[in-house]
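Peer 1: My questions all concern the structure below.
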Amino acid sequence: MILKSLSITNFRNISSLVLSPSAGVNIFFGGNGSGKTNLLEALFMLCLGRSQRGAPDAVVVNKDCDVYRLEGTIEAGGMSHRLAVAFQKGDRKKVTLGGVQVTLADLYEQFCAVAAGPEDNQVLAGPPSVRRTFLDVYLSQHTRSYLSNLSHYQRVLTQKNAALKREMETSPFDPQLVDYGASIIHARCAFLESLKRLATSYYKEISGGESLDVIYDPSVPLDDTRESVDKITSVFHDKLYAYADRERRAQVSLVGPHRDEIIFEINGYPARTYGSQGQWRTAAISLKLAVYHILKDKRGMPPLLLLDEIFTELDVGRVEVLIDAFEGFSQLFLTTALEPPQRLREAGQIFQVVDGCVEEIV
């Protein structure tokens, strides 16, 4: 998957930008607040219709405007696709592919992107909801049915929670909650098994021998993460029955994938309380590089790889190993407030970013 062209209008501090990136490494160099991160956010939004930072559309519109628009041409699956994402305050977001309006689910089916940045430290150190969102964003790109199951599950969960608050009967919602939820848990088990295998290898290599572990702790207790969907369904149903009185007293759903946790350990200790900033950054980058390869193998095409200030808080040794890891990657977009490493300067196309304006450095 290759981005051939990009046009940005009124997105955060970028008023107007037309860009023709290289098919290889693209380095965006500039000071803090210059708009480098906003550029990568626009790329992610163009591919998947959402911000990798979770920002709502009304927030990313330029403060002096009511509308933003992103347009681009992407080569994927042997075809050239013209797509656009636009939003006007007070209205709904509009996504078009080849001039025809499509849904966000259509974007997930056609394109894929992986973004890594300073906010990813929260995947290691933040609340469980951040880790679940991380899983949901990338599993939705990996497995076609996952996004649909997740959407249905969240709808039924909202209905059940509303019934619990009104002290109404909730048993009619449980069969659907179990059906969609068991499929979600099964998909998470398989995805995290692949993620653990690749991410731990990357972390060991980049860190110079330290260890990373990835542990899935689902709300529905499993003896083995390789359980069948039928087995997960049975266990889910039994726990819902056992927690029925507790849920009525709490007036909220206490069982299901919305309560799952993913535990990361660094050198055998919980990353949330043990890891340093540099270890969190190394682990987060390792996770995203692993996701890149998982999606590439599954989709049969390389995702866009968007790396925001990944060298910050890494020592020279880790930076060198990380640059080595970029070999063999397809198109890459990278931002840095520091002078780009010489090896990358020689291999990539460099752009200067100042106050939302981008200019190629020849």
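Peer 1: Taking amide H positions as placed in the peptide plane 1.01 Å from N, state which residues far from V61 in sequence (5 or more) or on other chains have amide H under 5 Å from it.
Peer 2: Residues meeting the criterion, in which the H sits 1.01 Å from N, are R12.
Peer 1: Near the amide H of T170, under 5 Å away, which other amide H atoms are found, from residues 5 or more places off or on another chain, if H is placed in the peptide plane?
Peer 2: Those qualifying (amide H under 5 Å, at least 5 residues apart or on another chain) number zero.
Peer 1: Residue by residue, what Karplus-based ³J(HN,Hα) values in Hz, rounded to whole numbers, does region 66-71 have, using 6.51, -1.76 and 1.60 with θ = phi - 60° and x for Gly and Pro?
Peer 2: 10, 9, 10, 9, 10, 9
Peer 1: Turning to a different aspect of this structure: Out of these labelled values of P(r) over Cα pairs in 10 Å bins from 0, in percent, [x] 5, 23, 30, 25, 13, 4, 0; [y] 5, 22, 25, 19, 13, 7, 5, 3, 0, 0; [z] 6, 25, 34, 23, 10, 2, 0, which was calculated from the coordinates shown here?
Peer 2: Answer by label: [x].
Peer 1: Could I ask something else about it? Checking the cross-link filter: which lysines have an alpha carbon closer than 29 Å to that of K93, excluding same-chain neighbours under 8 positions apart?
Peer 2: Within reach: K4, K36, K63, K160, K288, K296, K298.
Peer 1: Just to check I understand the Karplus step: with θ = phi - 60° and J = 6.51 cos²θ - 1.76 cosθ + 1.60, what whole-Hz values come out for region 243-255, glycine and proline as x?
Peer 2: Result, rounded to whole Hz: 9, 4, 5, 5, 5, 5, 5, 7, 6, 7, 6, 10, 10.
Peer 1: Counting other Cβ atoms within 10 Å, keep those with at most 10, restrict to DSSP loop, and tell me which trypsin sites (Lys or Arg not before Pro) in region 249-337 are left. Numbers along the way, then the final one.
Peer 2: Values: sites: R249, R259, R272, R281, K288, K296, K298, R299, R318; in loops: none.
Filter output for region 249-337: empty list.
Peer 1: So for C65, C112, fewest C-beta neighbours within 10 Å to most, what's the order? Working shown, then result.
Peer 2: Values: C65 13, C112 25.
Fewest-to-most ranking of C65, C112: C65, C112.
Peer 1: Percent relative contact order of the chain, based on C-alpha pairs within less than 8 angstrom and at least six residues apart? Walk me through the numbers on the way to the answer.
Peer 2: Values: 644 pairs, mean separation 97.3, N = 362.
Over the chain, the number comes to 27 percent.
Peer 1: What are the ³J(HN,Hα) couplings of region 37-42, residue after residue, when phi is run through the Karplus curve with 6.51, -1.76, 1.60 and θ = phi - 60°? Round to Hz, x for glycine and proline.
Peer 2: For region 37-42, the Karplus-derived couplings read 5, 4, 5, 5, 4, 5 Hz, x marking Gly and Pro.
Peer 1: Which residues' amide hydrogens lie under 5 Å from the amide hydrogen of F351, considering only partners 5 or more residues apart or on another chain, with H built in the peptide plane?
Peer 2: I27, F28, F29, I361
Peer 1: While we're here: As I understand it, the dipole of the chain uses +1 on the Cβ of Lys and Arg and -1 on the Cβ of Asp and Glu, about the Cα centre. Which of L19, G99, P341 lies farthest toward its positive end?
Peer 2: G99
Peer 1: Report the relative contact order of region 1-103, percent, no decimals, based on alpha-carbon pairs under 8 angstrom and at least 6 residues apart. Don't skip to the end; give the middle numbers.
Peer 2: Numbers: 177 pairs, mean separation 28.7, N = 103.
28 percent.
Peer 1: In whole Å, how far is the Cα centre of region 248-292 from that of region 162-190?
Peer 2: 23
Peer 1: So, one more: Using only the alpha-carbon atoms, how far is helix 174-207 inclined from the longest principal axis of the chain? Give it as 0 to 90 degrees, nearest 10.
Peer 2: Taking Cα atoms only, the helix is inclined about 40 degrees.
We did not get these values from a lab; they are worked out from the coordinates using the rules stated. None of the values given here were measured: they were computed from a predicted structure. Here the Cβ is made from the backbone with ideal geometry for all residues, glycine too, and neighbour counts use every protein chain on show.
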